[in-house]
Every structure is written in C-alpha cells, then in structure tokens.
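The values are calculated or read from the model by the stated rules, or taken from the named source; none is laboratory data. Just so you know, these numbers come straight off a predicted model, no measurement behind them. Here the Cβ is made from the backbone with ideal geometry for all residues, glycine too, and neighbour counts use every protein chain on show.
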Amino acid sequence: VLNGVLADAASATPTASTPATKAAAVRRLGRALVRLRLLGGIHGEFTFETKTGARTLAFERGTVLSVAGSDVTVRATDGTTWTWVLTSASIVRENGSRTSAKSLAGGQLVFAAGPVSGTTRDARLIVIRNAAKQQQS
C-alpha cells in the first residue's frame, strides 16, 4: 500500500502547466491521501523524491482543538499537536459526503492529511470521524 501512496503522490506534479494536467495531478494526490488514510497510524510524515524534487506528505488522526480562520489545530492521542492550513484545495468530508470547512469544530475526531511545505501543513483532506462508530470499534 505504501508503494501505491508514494507512486500516486510522486506523479502529482505541483508545477503542472495546463488545467487538465493540474486536474490530473490533484486527482493523483487525492488518491495518495486516501491510501495514506487506510494505512492507519496516529501521525507521520513521508518524504520521497520526485522528478521535480523532494516532496513530503503528512497525516494526523486526533481531536480538533481549535478552528481559527484558515488554521485547524489537531491533537493526536499521543499529545502531538499540529496546525493544518485550510486552502482553496482543501476537501472536508463527513459521513461519506463532502461538506464545508465551516463544519469543523473543537472536540471533533478527524483525520487530516496533505503536503508539507517548510513548516506549513496544507490540509488537502480532512475527514470528520463519527464518534459513535469510533467507540464501537
């Protein structure tokens, strides 16, 4: 599975020149983030080499501490706290459907993932997890 994540992410070239090429790159990055979600784990970063240079993807499972403007702060169960930045490319999902970033609130269980640039973690995907389902499993 990890090889598939890296292959999809590596082919998602951020400097694509045409709208069709950019759209294809976004789809590949989306597939990479979904596969990353399936890997499990609490939080982590993966750095890999692409044709255009090194790229890093990060993910975190935890509880939303705060939502302030475009910043969403999430704390994992081991205490790791990262701030994720919502962008125009961010996708928020709840109960299997796409929803607005306005649905994010403190106390929610979430999965956040996206590319890292310097110290900034872009939230390309945030999945709001159902607390009832989490307690059953």
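On the given criteria, is Val67 part of a strand (DSSP E or B) and at pLDDT 65 or above?
yes
Which of the residues that make up the stretch 19-43 are outside any helix (DSSP H, G or I) and at pLDDT below 90?
Leu39, Gly40, Gly41, Ile42
Does Ala54 satisfy the criteria of being in a strand (DSSP E or B), of a type in the set (Gly, Ala, Ser) and exposed (fewer than 13 other Cβ atoms within 10 Å of the Cβ)?
yes
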